[in-house]
Each structure stands twice: as C-alpha cells, then as structure tokens.
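Here the structure is laid out as structure tokens; the discussion comes afterwards.
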Amino acid sequence: MSLTKPRTMPGVLELLPLDQIAFQEMLDNIRAGFERYGFLPIETPAIELSNVLLTKSGGETERQVYFVQSTGSLIKGGDPELALRFDLTVPLARYVAEHEHKLNFPFRRYQMQRVYRGESAQRGRFREFYQCDVDVIGKDSLSPRFDAELVAVIDQVFQALKVGPFQVRVNHRMLMRGLLEHLGVDGSEQQTLVLREVDKLDKRGADHVRGSLAGEGIGLSSDAIGQLLDFVGFRSSGVDEALAKLETMPTSNEALQQGVSELREVLTLVRAFGVPESNFAWDCAIARGLDYYTGTVYETVLTEHPEIGSVCSGGRYESLASNYTKSKLPGVGISIGATRLYWQLREAGLIDTGRSSVAVLVTQFDPELFDEYAHLASMLRAAGINTELQLEPGKLGKQIKYAVKAGIPFAVIAGPDEHAKGVVQIKDLSRQEQFEVPKDELIASLRVEIEQYRAMALAKEPTS
C-alpha cells in the first residue's frame, strides 16, 4: 500500500502550536478592541446559497469563488447551488436583510471568521484566511460621528497589537468626486476610472498615473491633471492643518460641500475621541478602489514598514443590502485581513512565537507515586493554573527537555524524599533555578512565580 504524501494545498497558513498561540493572541486583541467600543459578535455560515452570495454576475469576484457540491449533487449534475463566502460583507448584507425586523439600529456588529478565495498561488496570498470586520449599519441615515468612531477603534486595536508606529489615513469620496466634477470630469463611469488610477499612486508612481489620466479612455487636460495631483499629494500633519486645507477647497458643487462638511466633522471628532494626532491624518491620495464606498474611506499603514501596505481598510457605503431589501441601510465599516497581517508581521520580524498556555508540568519522578502526581495536577487545575501531567514514566531529564521544548516555564518535581517530608520542588526552566516549598504552599508559590515570569516576558515585548 503506497502512502499519500502529507501536504496542504497552496494558499493556506498552518501553524505550529506556539505560532498558533501568537496568532490567537492577535485575534484576541482585535476582538477586545471591537468589544471595548460596544460592538456585538455575529457569525454567518461558511457556505451560502450561490444566488444569494453572487448577487452580480461576472467580474473578478466570481472567478475566485469556491463552489460547493455534495456527492449527490455531483451525480445529479447541474450548476452548484452553494458556494464558500469570499468576504464577510456580502453575508452581512444578507444577514441584516433577513433579520432586519429583529435588529436594533444602528446595528453594531463585529465578525471574525475565515473566508475563501481562489487566489493564484503566490507568496503572501491566501486562499483561506481570517477576516476581522466591524460595521455600523443605520436605518435610513447614519451620522458621520460613526465614521470618526471607527478611527478610534482602529487606534485602539493597533495600539494593543504593539506593532510599532501606525497611521490611519482618512479621505472622503465626495471630495474626490466633487473635485472631479469641478474639473469637468462628469459621469460616474468616467470618475470611477479616474479614481482607480489615483488609487495606484503609491504602487505605480505619479508619472504612471499622469500618463494614464492623459491617455485614451480618460483624456484629462494637463491643467486638470496638475490640480488633481496637487490635491492628492496633500497629507496633513495635524488636525489644524487639515482644517485649514479644507477651508481652501472649492465649494462649487453639492458633492464638495458635503465632503468638506463631513470630513471636517470626522477629523474634529477623532481628536475629541482622544486619538493621538500622530496616529491619523487626512490623506487626499486615499481613494479606495471599490465602487460602493460613498463617503469616508480609510487606509491604515505601519509607518516604519510602508512596504507592508494597508493593514486595515474600509469606508462608508450608501446602502448595504440593496440587492436583498428595499430598505435604505447606510453603513460604515473596516476590515483587517488577520491571516495576511500576521504573516506580514512575522516576515518583518515584528511578531514572535507565543508563550505556551501551559504553565506547569507535573513530572513523574517515581511511578509508584503516580496517584500523588495526579492529585497535585488536579489541585493546580482547580486553582486555575494550566497544568500538564506526565502520564508515562521516563527519565526526569527527558521530561524536563520535553517541557522546555514545549515552552512550559515551570516543572513540579516530587520524589519519595519530598513525599515523605510533605514538600515539592519547583523548577524554573527559563532561569534553571530550583527551590523547595511545602505542598500546601505550592499554589501560592507558583502564582507568584508565574506572575513574575509573565511580567518579565511582557517587558521583553516591543512597545508602540
């Protein structure tokens, strides 16, 4: 019988236990940040009905969808009725439309689940990955105050992640569309083409974008291109500078007037929410390529690692669930691609392996005393200390090596002499120190040692 080679398909991230702990800690920090601002969790199925998931035919999205068919469906033939979700936004739209009359609006939700896309296999691109989304959905209207609050949410999350300096860069789609109208670029299709080119500034450079804007299909004048690139080249260094710049914006049309008014309110409120001014800026180059963004848009970058690109993005949209309901449901949201972010941070050396969730290994010094060791392990677990019990006999040195390799910081050792005296030995595996304590003081002593170990580990972590 030939063996099947064990391997994963390209585009998935499978981690060893201590790396998985580090990834889980990152997810826990993101979740804690969302919950601190009053967002509630939901989950939606990984599999959705195809006709619900794919509300628009064609395009890049449909070419990346994984369709699902049971064995019975394959035998019957026909088109697949089910597909794996490719993001969390479309399932959210379906969820809100389906449960609209049971939800409280504004509806504040966060969702942290895997999504699936048929990406081409390449380094750093994933076919299965965690997406962490937070959105606020309004009924009929939604104040720009929610747009400002999301900047504070991003700030909370990335400060907790301790990945170094970062900046949330904010813009407003109405400013861009209003300026284009002011420059004589009319029609949403033509404006969308321009916005998509502007969105390439960081990746392709000003010369490439200038050539694209002047070229066939767009054909802007050199004067219009100059004004547009002057505008998108502005990035504020503080709220006062941003507000002063807004005062110089033309107000020749309704879109410009709305954009100036809403962005002024957002920037002022972000400062009022206590976000450090070094952590956010008005960046006129942020366009966001997705057409459904209608107002505030966000991109978040690690300022010392611009090569990573945006680590959190999103924006305001006019109606979330227009494909499923006639209700007007405006919203604003952000998304963190957690799997890609973790991979990028690890590649950049900004994140290390995690610490084992097991604090203590109760060793088996003498097989005749196994019942005593089981009692010690049960006593530690009842006290809330994560404990592994060595279930098989073996040389003590080998047990200690096992604990070190597994990242367990402490070992409890008790031989016949310790048992007779009613004491145990605690071995600190990181400092290679060992001391004796009475059995009835074991829990208190370990709590002190574990707390000191955690404090030392935290002191070694990088801070933002």
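The values are calculated or read from the model by the stated rules, or taken from the named source; none is laboratory data. This one's a predicted model, so the numbers in the text were calculated from it and none came from an experiment. Don't worry about glycine lacking a Cβ; one is built from the backbone with ideal geometry, like all the others, and counts go over all protein chains shown.
Would you point out the residue of segment 98-119, among those that are among the basic types (Lys, Arg) and in contact with a strand residue (DSSP E or B) (Cβ under 7 Å, 6 or more places away or on another chain), that is farthest from LYS328 (Cα to Cα)? Break it down into steps so the answer makes sense when it comes.
Within segment 98-119, the first condition is being among the basic types (Lys, Arg), and the residues that meet it are 102, 108-109, 114, 117.
Subsequent filtering for residues that are in contact with a strand residue (DSSP E or B) (Cβ under 7 Å, 6 or more places away or on another chain) retains 108-109, 114.
Numbers: ARG108: 16, ARG109: 18, ARG114: 28 Å.
That would be ARG114.
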Listing of helices (runs of 4 or more DSSP H) fully contained in segment 55-162 that carry 3 or more residues being surrounded by 17 or more Cβ atoms within 10 Å (Cβ to Cβ), assigned by TED's automatic domain parsing to the domain that holds THR44 and within 17 Å of the chain's Cα centre (by Cα): 145-161
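On the given criteria, is SER319 part of a loop (DSSP other than H, G, I, E, B) and out of contact with any Leu (no Cβ under 7 Å at 6 or more places or on another chain)?
Details: part of a loop (DSSP other than H, G, I, E, B): yes; out of contact with any Leu (no Cβ under 7 Å at 6 or more places or on another chain): no.
Spelling it out, it is not the case that SER319 is part of a loop (DSSP other than H, G, I, E, B) and out of contact with any Leu (no Cβ under 7 Å at 6 or more places or on another chain).
Restricting the search to segment 347-365, which residues are farther than 30 Å from LEU376 by Cβ and in contact (Cβ under 8 Å) with a residue 12 or more places away in the chain?
The initial filter retains those residues of segment 347-365 that are farther than 30 Å from LEU376 by Cβ, namely 347-352.
Listed by number, the residues that qualify are GLU347, ALA348, LEU350, ILE351, ASP352.
Within segment 421-432, which residues are surrounded by 10 or more Cβ atoms within 10 Å (Cβ to Cβ) and either modelled with pLDDT under 95 or not assigned by TED's automatic domain parsing to the domain that holds GLY397 (or both)?
Residues satisfying the conditions are SER430, ARG431.
Could you tell me whether any residue of segment 343-354 is closer than 27 Å to ALA244 by Cα, within 20 Å of the chain's Cα centre (by Cα) and not in a helix (DSSP H, G or I)?
Going residue by residue through segment 343-354, those that are closer than 27 Å to ALA244 by Cα are none.
So far as segment 343-354 goes, no, none of its residues is closer than 27 Å to ALA244 by Cα, within 20 Å of the chain's Cα centre (by Cα) and not in a helix (DSSP H, G or I).
Output yes when any residue across segment 361-369 is among the hydrophobic types (A, V, I, L, M, F, W, C), part of a helix (DSSP H, G or I) and in contact with a helix residue (DSSP H, G or I) (Cβ under 7 Å, 6 or more places away or on another chain), and no when none is. Let's see the steps before the verdict.
Keep residues of segment 361-369 that are among the hydrophobic types (A, V, I, L, M, F, W, C), which gives 361-362, 365, 369.
Still in the running and part of a helix (DSSP H, G or I): 369.
Going one step further and asking which of them are in contact with a helix residue (DSSP H, G or I) (Cβ under 7 Å, 6 or more places away or on another chain), we end up with 369.
The answer is yes, given that some residue of segment 361-369 is among the hydrophobic types (A, V, I, L, M, F, W, C), part of a helix (DSSP H, G or I) and in contact with a helix residue (DSSP H, G or I) (Cβ under 7 Å, 6 or more places away or on another chain).
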Check on SER252, more than 18 Å from ARG169 (Cβ to Cβ) and not in a helix (DSSP H, G or I): yes
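Restricting attention to segment 185-204, and to residues there that are outside any loop (DSSP other than H, G, I, E, B) and touching a residue at least 60 places away in the same chain (Cβ under 8 Å), which single residue is surrounded by the most Cβ atoms within 10 Å (Cβ to Cβ)? Steps first, answer last, please.
Taking segment 185-204 and keeping what is outside any loop (DSSP other than H, G, I, E, B), we get 188-198, 201-204.
Those still in the list that are touching a residue at least 60 places away in the same chain (Cβ under 8 Å) too: 192, 195-196, 198, 201-202.
Details: THR192: 15, LEU195: 20, ARG196: 16, VAL198: 22, LEU201: 18, ASP202: 13.
Looking at residues that are outside any loop (DSSP other than H, G, I, E, B) and touching a residue at least 60 places away in the same chain (Cβ under 8 Å), I get VAL198.
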Residue among ILE413, ILE385, ILE426 that alone is in contact (Cβ under 8 Å) with a residue 60 or more places away in the chain and among the β-branched types (Val, Ile, Thr): ILE385
Of the criteria (1) crowded, with 21+ Cβ neighbours inside 10 Å; (2) more than 27 Å from the chain's Cα centre (by Cα); (3) in the same structural domain as ARG169 (by TED's automatic domain parsing), which one PHE365 fails: (3)
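I'd like to verify a number: residues in segment 433-464 that are acidic (Asp, Glu) and surrounded by 16 or more Cβ atoms within 10 Å (Cβ to Cβ), how many? Full working, then the answer.
If we filter segment 433-464 for residues that are acidic (Asp, Glu), which is where we start, we get 433, 436, 440-441, 449, 451, 461.
If we keep only those that are surrounded by 16 or more Cβ atoms within 10 Å (Cβ to Cβ) too, we end up with 449.
Final tally of qualifying residues: 1.
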Test: residue in segment 19-35 that is in a loop (DSSP other than H, G, I, E, B), of a type outside the set (Phe, Trp, Tyr) and closer than 20 Å to MET112 by Cα: no
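Conditions tested, residue by residue: (1) at pLDDT below 95; (2) out of contact with any helix residue (DSSP H, G or I) (no Cβ under 6 Å at 6 or more places or on another chain); (3) of a type outside the set (S, T, N, Q).
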residue	(1), (2), (3)
VAL198	yes, no, yes
GLY205	yes, yes, yes
ALA224	yes, yes, yes
GLN227	yes, yes, no
ASP230	yes, yes, yes
GLU247	yes, yes, yes
PRO250	yes, no, yes
ARG264	no, no, yes
Every residue from segment 371-382 that is of a type outside the set (Ser, Thr, Tyr) and touching a residue at least 24 places away in the same chain (Cβ under 8 Å): GLU372, LEU376, MET379, LEU380
Count - residues of segment 205-242 that are farther than 19 Å from VAL297 by Cβ and in a helix (DSSP H, G or I): 17
